[in-house]
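These notes concern the structure reproduced below.
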Amino acid sequence: WPIFLRKMDQRLLHLTSMRAHACLLLLCSAICAGADGPPKAPGAAQKDLSAASAATDPSAFLSALKAVLQADDARSVHAAATAYSKFASGALKRMEPREFMAFHGSCASAFAAVKSKPAADELRRLLASHPDWTGRLLLLDSAGIAKPVNRLESALVALRDEHPAVARRALQYLVRARQIRVVDAIVRRYLEVSKKKPKEGDTAQWDRTRLA
(Lines give C-alpha, C1' and ligand atoms only; values in the text may rest on other atoms or scores of the structure.)
Protein backbone atom coordinates (compact mmCIF):
# COMPACT_ATOMS: atom_id res chain seq x y z
CA TRP A 1 0.00 0.00 0.00
CA PRO A 2 2.69 2.57 0.87
CA ILE A 3 4.34 1.97 -2.52
CA PHE A 4 0.96 2.16 -4.29
CA LEU A 5 0.09 5.41 -2.50
CA ARG A 6 3.46 6.93 -3.33
CA LYS A 7 2.92 6.11 -7.02
CA MET A 8 -0.57 7.62 -6.91
CA ASP A 9 0.82 10.75 -5.29
CA GLN A 10 3.45 11.03 -7.99
CA ARG A 11 0.83 10.64 -10.74
CA LEU A 12 -1.42 13.22 -9.14
CA LEU A 13 1.51 15.59 -8.80
CA HIS A 14 2.37 15.04 -12.47
CA LEU A 15 -1.24 15.67 -13.56
CA THR A 16 -1.46 18.77 -11.39
CA SER A 17 1.77 20.07 -12.92
CA MET A 18 0.44 19.43 -16.45
CA ARG A 19 -2.84 21.22 -15.69
CA ALA A 20 -0.98 24.16 -14.20
CA HIS A 21 1.22 24.32 -17.29
CA ALA A 22 -1.85 24.21 -19.58
CA CYS A 23 -3.52 26.99 -17.61
CA LEU A 24 -0.37 29.08 -17.87
CA LEU A 25 -0.28 28.61 -21.65
CA LEU A 26 -3.93 29.63 -21.96
CA LEU A 27 -3.28 32.70 -19.83
CA CYS A 28 -0.29 33.68 -21.96
CA SER A 29 -2.33 33.21 -25.14
CA ALA A 30 -5.08 35.44 -23.80
CA ILE A 31 -2.57 38.11 -22.83
CA CYS A 32 -0.89 37.98 -26.25
CA ALA A 33 -4.24 38.12 -28.07
CA GLY A 34 -5.10 41.30 -26.23
CA ALA A 35 -1.69 42.88 -26.61
CA ASP A 36 -2.89 45.12 -29.41
CA GLY A 37 -5.73 46.40 -27.27
CA PRO A 38 -9.45 46.36 -28.01
CA PRO A 39 -10.73 46.96 -31.57
CA LYS A 40 -10.78 50.59 -32.59
CA ALA A 41 -14.04 52.49 -32.68
CA PRO A 42 -15.53 52.65 -36.21
CA GLY A 43 -14.83 56.37 -36.53
CA ALA A 44 -11.17 55.98 -35.57
CA ALA A 45 -10.74 52.96 -37.86
CA GLN A 46 -12.20 54.88 -40.81
CA LYS A 47 -9.85 57.81 -40.17
CA ASP A 48 -6.92 55.39 -40.24
CA LEU A 49 -8.21 53.90 -43.50
CA SER A 50 -8.62 57.33 -45.06
CA ALA A 51 -5.04 58.20 -44.14
CA ALA A 52 -3.77 54.85 -45.45
CA SER A 53 -5.56 55.33 -48.77
CA ALA A 54 -3.55 58.50 -49.36
CA ALA A 55 -0.24 56.76 -48.56
CA THR A 56 1.72 54.14 -50.48
CA ASP A 57 2.07 51.21 -48.05
CA PRO A 58 -0.09 48.23 -49.14
CA SER A 59 0.35 46.42 -45.81
CA ALA A 60 -0.79 49.43 -43.80
CA PHE A 61 -3.75 49.89 -46.10
CA LEU A 62 -4.79 46.25 -45.86
CA SER A 63 -4.55 46.35 -42.06
CA ALA A 64 -6.71 49.48 -41.94
CA LEU A 65 -9.20 47.96 -44.39
CA LYS A 66 -9.63 44.86 -42.23
CA ALA A 67 -10.16 47.01 -39.13
CA VAL A 68 -12.91 49.03 -40.81
CA LEU A 69 -14.74 45.98 -42.17
CA GLN A 70 -14.95 44.47 -38.69
CA ALA A 71 -17.78 46.94 -38.05
CA ASP A 72 -19.88 44.85 -40.49
CA ASP A 73 -22.29 47.62 -41.47
CA ALA A 74 -23.22 49.60 -44.58
CA ARG A 75 -21.00 52.52 -43.67
CA SER A 76 -17.90 50.34 -43.35
CA VAL A 77 -18.49 48.68 -46.74
CA HIS A 78 -18.91 52.08 -48.39
CA ALA A 79 -15.75 53.41 -46.71
CA ALA A 80 -13.79 50.32 -47.74
CA ALA A 81 -14.78 50.55 -51.42
CA THR A 82 -14.10 54.29 -51.58
CA ALA A 83 -10.70 54.02 -49.88
CA TYR A 84 -9.70 51.09 -52.07
CA SER A 85 -10.49 53.03 -55.24
CA LYS A 86 -8.35 55.92 -54.04
CA PHE A 87 -5.42 53.67 -53.12
CA ALA A 88 -5.71 51.55 -56.27
CA SER A 89 -5.46 54.55 -58.61
CA GLY A 90 -1.86 55.06 -57.49
CA ALA A 91 -1.03 51.43 -56.78
CA LEU A 92 -1.80 50.43 -60.38
CA LYS A 93 1.01 52.74 -61.48
CA ARG A 94 3.49 51.81 -58.74
CA MET A 95 3.07 48.06 -58.48
CA GLU A 96 3.80 45.25 -60.90
CA PRO A 97 0.60 43.60 -62.25
CA ARG A 98 1.19 40.34 -60.34
CA GLU A 99 1.95 42.25 -57.14
CA PHE A 100 -1.15 44.37 -57.51
CA MET A 101 -3.42 41.37 -58.13
CA ALA A 102 -2.08 39.67 -54.99
CA PHE A 103 -2.82 42.84 -53.05
CA HIS A 104 -6.26 43.08 -54.67
CA GLY A 105 -7.02 39.49 -53.69
CA SER A 106 -6.05 40.15 -50.08
CA CYS A 107 -8.34 43.18 -49.98
CA ALA A 108 -11.23 41.14 -51.39
CA SER A 109 -10.61 38.46 -48.76
CA ALA A 110 -11.04 41.07 -46.03
CA PHE A 111 -14.75 41.18 -46.91
CA ALA A 112 -15.17 37.83 -45.16
CA ALA A 113 -16.09 40.05 -42.20
CA VAL A 114 -19.27 41.10 -44.02
CA LYS A 115 -22.08 39.03 -42.50
CA SER A 116 -24.92 41.40 -41.65
CA LYS A 117 -27.81 42.20 -43.99
CA PRO A 118 -27.13 45.99 -44.06
CA ALA A 119 -23.50 45.41 -45.01
CA ALA A 120 -24.38 42.82 -47.67
CA ASP A 121 -27.10 45.07 -49.13
CA GLU A 122 -24.63 47.94 -49.40
CA LEU A 123 -22.11 45.70 -51.14
CA ARG A 124 -24.73 44.71 -53.72
CA ARG A 125 -25.79 48.33 -54.21
CA LEU A 126 -22.24 49.58 -54.71
CA LEU A 127 -21.42 46.74 -57.12
CA ALA A 128 -23.89 48.34 -59.53
CA SER A 129 -23.35 51.99 -58.66
CA HIS A 130 -19.86 52.71 -57.35
CA PRO A 131 -18.37 55.47 -59.52
CA ASP A 132 -14.92 53.90 -59.90
CA TRP A 133 -14.33 50.65 -61.78
CA THR A 134 -11.62 49.46 -59.36
CA GLY A 135 -14.12 49.69 -56.52
CA ARG A 136 -16.67 47.67 -58.50
CA LEU A 137 -14.04 45.07 -59.36
CA LEU A 138 -13.14 44.73 -55.68
CA LEU A 139 -16.80 44.27 -54.73
CA LEU A 140 -17.29 41.66 -57.45
CA ASP A 141 -14.30 39.66 -56.23
CA SER A 142 -15.48 39.97 -52.62
CA ALA A 143 -18.88 38.48 -53.48
CA GLY A 144 -18.97 34.92 -52.22
CA ILE A 145 -16.19 35.70 -49.77
CA ALA A 146 -18.82 37.83 -48.08
CA LYS A 147 -21.09 34.86 -47.44
CA PRO A 148 -24.48 36.61 -47.68
CA VAL A 149 -23.62 37.88 -51.20
CA ASN A 150 -24.09 35.35 -53.99
CA ARG A 151 -21.19 35.41 -56.45
CA LEU A 152 -23.19 34.14 -59.42
CA GLU A 153 -25.87 36.82 -59.03
CA SER A 154 -23.16 39.44 -58.51
CA ALA A 155 -21.38 38.33 -61.67
CA LEU A 156 -24.62 38.63 -63.66
CA VAL A 157 -24.91 42.22 -62.47
CA ALA A 158 -21.25 42.97 -63.19
CA LEU A 159 -21.48 41.43 -66.66
CA ARG A 160 -23.33 44.57 -67.70
CA ASP A 161 -20.67 46.86 -66.26
CA GLU A 162 -19.51 49.69 -68.52
CA HIS A 163 -15.84 49.02 -67.80
CA PRO A 164 -14.36 46.11 -69.78
CA ALA A 165 -12.15 44.88 -66.92
CA VAL A 166 -15.17 44.40 -64.63
CA ALA A 167 -17.28 42.79 -67.35
CA ARG A 168 -14.40 40.47 -68.23
CA ARG A 169 -13.95 39.36 -64.62
CA ALA A 170 -17.69 38.70 -64.38
CA LEU A 171 -17.48 36.56 -67.50
CA GLN A 172 -14.63 34.55 -65.97
CA TYR A 173 -16.89 33.68 -63.04
CA LEU A 174 -19.95 32.98 -65.17
CA VAL A 175 -18.33 30.49 -67.56
CA ARG A 176 -18.10 28.07 -64.62
CA ALA A 177 -21.88 28.02 -64.27
CA ARG A 178 -23.88 25.62 -66.40
CA GLN A 179 -27.24 27.32 -66.41
CA ILE A 180 -29.34 28.34 -69.38
CA ARG A 181 -30.04 31.79 -67.97
CA VAL A 182 -26.31 32.40 -67.57
CA VAL A 183 -25.58 31.32 -71.15
CA ASP A 184 -28.39 33.59 -72.40
CA ALA A 185 -26.98 36.53 -70.41
CA ILE A 186 -23.49 35.95 -71.82
CA VAL A 187 -24.76 35.74 -75.41
CA ARG A 188 -26.83 38.92 -75.03
CA ARG A 189 -23.89 40.80 -73.55
CA TYR A 190 -21.55 39.53 -76.26
CA LEU A 191 -23.86 40.84 -78.96
CA GLU A 192 -24.09 44.20 -77.20
CA VAL A 193 -20.33 44.47 -76.81
CA SER A 194 -19.79 43.48 -80.46
CA LYS A 195 -21.85 46.49 -81.54
CA LYS A 196 -20.38 48.79 -78.91
CA LYS A 197 -18.35 51.83 -79.89
CA PRO A 198 -15.65 51.92 -77.21
CA LYS A 199 -14.51 55.13 -75.62
CA GLU A 200 -11.06 56.32 -76.59
CA GLY A 201 -8.48 53.99 -75.05
CA ASP A 202 -10.99 51.21 -74.31
CA THR A 203 -10.87 49.44 -77.69
CA ALA A 204 -8.19 46.92 -76.73
CA GLN A 205 -9.88 46.26 -73.39
CA TRP A 206 -13.22 45.46 -75.01
CA ASP A 207 -11.47 43.31 -77.62
CA ARG A 208 -9.98 41.26 -74.78
CA THR A 209 -13.41 40.99 -73.20
CA ARG A 210 -14.95 39.65 -76.41
CA LEU A 211 -12.19 37.05 -76.62
CA ALA A 212 -12.42 36.03 -72.95
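Tell me, yes or no, whether the range 109-119 has at least one residue that is open to solvent by 60 Å² or more (accessible area, probe 1.4 Å) and modelled with pLDDT under 95. Let's see the steps before the verdict.
Step one: filter the range 109-119 for residues open to solvent by 60 Å² or more (accessible area, probe 1.4 Å), giving 109, 115, 117-118.
Going one step further and asking which of them are modelled with pLDDT under 95, we end up with none.
Scanning the range 109-119, I find no residue that is open to solvent by 60 Å² or more (accessible area, probe 1.4 Å) and modelled with pLDDT under 95, so the answer is no.
Among the residues of the range 166-175, write down those that are surrounded by fewer than 16 Cβ atoms within 10 Å (Cβ to Cβ) and closer than 20 Å to His130 by Cα.
Step one: filter the range 166-175 for residues surrounded by fewer than 16 Cβ atoms within 10 Å (Cβ to Cβ), giving 172, 175.
Of everything in the range 166-175, nothing turns out to be surrounded by fewer than 16 Cβ atoms within 10 Å (Cβ to Cβ) and closer than 20 Å to His130 by Cα.
Anything in the range 176-212 that is β-branched (Val, Ile, Thr) and either surrounded by 13 or more Cβ atoms within 10 Å (Cβ to Cβ) or at pLDDT below 90 (or both)? List them, or say none.
Val182, Val183, Ile186, Val193, Thr203, Thr209
Of (1) modelled with pLDDT of 95 or more; (2) part of a helix (DSSP H, G or I), Ser50 satisfies all except one. Which?
(1)
Residues that are in contact with a strand residue (DSSP E or B) (Cβ under 7 Å, 6 or more places away or on another chain) and on the phi < 0 side of the Ramachandran plot, at least 2 per element: which helices (runs of 4 or more DSSP H) completely within the range 59-147 meet that?
Numbers: elements: 74-94, 97-109, 117-129, 133-142.
By residue number, 117-129.
Tell me the residue from Leu152, Leu137 that is open to solvent by less than 30 Å² (accessible area, probe 1.4 Å) and at pLDDT 95 or above, please. Full working, then the answer.
Details: Leu152 fails: open to solvent by less than 30 Å² (accessible area, probe 1.4 Å).
Testing whether each residue is open to solvent by less than 30 Å² (accessible area, probe 1.4 Å) and at pLDDT 95 or above leaves just Leu137.
The values are calculated or read from the model by the stated rules, or taken from the named source; none is laboratory data. From a predicted model like this one, the values you see are computed outputs, not experimental measurements. Every residue, glycine among them, receives a Cβ derived from its backbone with ideal geometry; neighbour counts consider all protein chains shown. The protein model used for the area step is the full one, side chains on, heavy atoms only, and it has no ligands, DNA or RNA in it. Shrake-Rupley method; radii C 1.70, N 1.55, O 1.52, S 1.80 Å.
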